[in-house]
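The values are calculated or read from the model by the stated rules, or taken from the named source; none is laboratory data. Just so we're clear, the structure is a prediction, and the values are computed from it rather than from any experiment. Cβ: placed from backbone, ideal geometry, glycine included. Neighbour counts: every protein chain shown. Ligands, DNA and RNA are excluded from the accessible area calculation, which covers all protein heavy atoms including side chains. Shrake-Rupley method; radii C 1.70, N 1.55, O 1.52, S 1.80 Å.
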Amino acid sequence: MYTPISSMFFRALEIEFHWSKTTIVIALIALPITAVFLPRVGRLIDRFGVRLVAGASAFLMALTFFALSRIGDSLAAFYAAFIAFNVAGAATGPISYTRPVAQRFIAGRGTAVAIALSGIAVSGVVLPPLLGPLIAHAGWRAGYRLIAGIALAGGVAAVLLIRSAGRNQRREQVEGFTRTQALKTGAFWSLGIAMFSASAASVGFVSQLQSVAFEFGATLRQTTILLSATSLAVLPSRLLAGWALDRLRPERVAAAFLLLSSVGFILWLDSHGPYINALAGCILLGVSLGSEHAFMSFFCARRFGLRAYSAIFGALAVFLYLGMAAGGLLFAMVHDRTASYAGAIFAAIGLMVLSAILLLKLPKTSIATVPPRRQRSDAAAVATNAPSPTRRRR
């Protein structure tokens, strides 16, 4: 939920402590640091389950948000707290919560994943108009404390609602690639580079959206509307994408959504243009914002199976997090050097087009490439450990 509102906090810190945009956005170095931990987090989830790992992660992340509300003008303290919140909260996102969804849904997996990820869109709609007045009157510290409470409450609710997989679903988990096998496929690297490009473009822009809007000529109230419009567009477009993934060729669906967002970036190039251009640009950006998680989850399960889903998802998330950090630094550094975001927006357009092409040409894989002997032994182990119908009745 932090991504769509990060620009509100970055701007507030910039004003209070007189930090440059690049200085603040350097905090996004936390993302590649987090990326180092994601494959290990994925393996922990595969081994110990979603409830234990995600529950602990949600609690720790809430503590780090509270710590962010206590920092002073020390950049070192800000960087440390920002890194801690990203690392501690690594298991609170799609790497955890899409796993039980992917296990329980097959034919409707795209729609199910889209619904599961819609909470991000809802928070993006609700939080900007709530945080805007709160930060203006009570300060950004109050904003961080509010997010800490929301993160803790949401994490507890999510963990309580997750249930263990059934017998047939546990057996299905042994089908698919191991992480080592996935790393040797062209599909893994094409999907990873596509996720890097899409996240660099979308998150880079959103991390500076409030400042971009002010440069465009929007007022504070209009900027709040733009932030909400971006997130509001995410919800219906994500549900539509999930429905389309289940019924049409998934590669074409993903490419089309990313190309629509590149059109949204083009509308932002008309500096000081009509406000309707900025609004339309945000809506089109919302079409793909966060969709990289849905696409990555869908193609991860479809191309590599569920055998090591979280471990493979964690490896793919390395590309995603590196892209988020690179995009944020790109937008901040381009503005600090040129006093304009135009160059960064041009780069974002190119990155979106590249991502669309890679997904459109995503190589096929075959689950059957997993050694049959190992697959049978894993299935036998699951069947052996599962309780028999007689035992359950007794």
What nm value, rounded to one decimal, do you get for the distance between residue 161 and residue 240 when each label is placed 7 Å out toward the C-beta?
2.4
Reachable aspartates and glutamates from residue 21, Cα under 13 Å, same-chain residues fewer than 8 places away excluded?
336
Residue 247 and residue 193 label points (each 7 Å along its Cα→Cβ direction) are spaced in nm at 3.3
Under 26 Å from the Cα of residue 184 - lysines, other chains or at least 8 residues apart
361, 364
Option label - semi-axes √(5λ) of the Cα gyration tensor in Å computed here, alternatives (1) 47, 22, 19; (2) 36, 24, 18; (3) 32, 24, 19
(2)
Gap in Å between the Cα centre of segment 270-318 and the Cα centre of segment 199-219?
17
Between segment 1-68 and segment 91-165, how far is it from one alpha carbon centroid to the other, in angstrom?
14
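If you add up the charges near residue 111, with Lys and Arg at +1 and Asp and Glu at -1, over every other residue whose beta carbon is less than 15 angstrom from its beta carbon, what do you get?
+4
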For segment 44-137, I need the span (max minus min coordinate) of the C-alpha atoms along each principal axis, in Å, sorted largest to smallest.
51, 33, 17
Probe 1.4 Å, accessible area per residue of the chain, Å²
42
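Dividing the Cα convex hull volume of segment 1-60 by residue count, how many Å³ per residue is that?
98
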Among all helices in the chain defined by DSSP H, which have a length of 18 Å or more along the axis from Cα atoms plus a Kyte-Doolittle mean of at least 0.5?
30-48, 50-68, 75-88, 118-138, 140-161, 186-206, 220-247, 250-268, 275-288, 309-338, 342-360
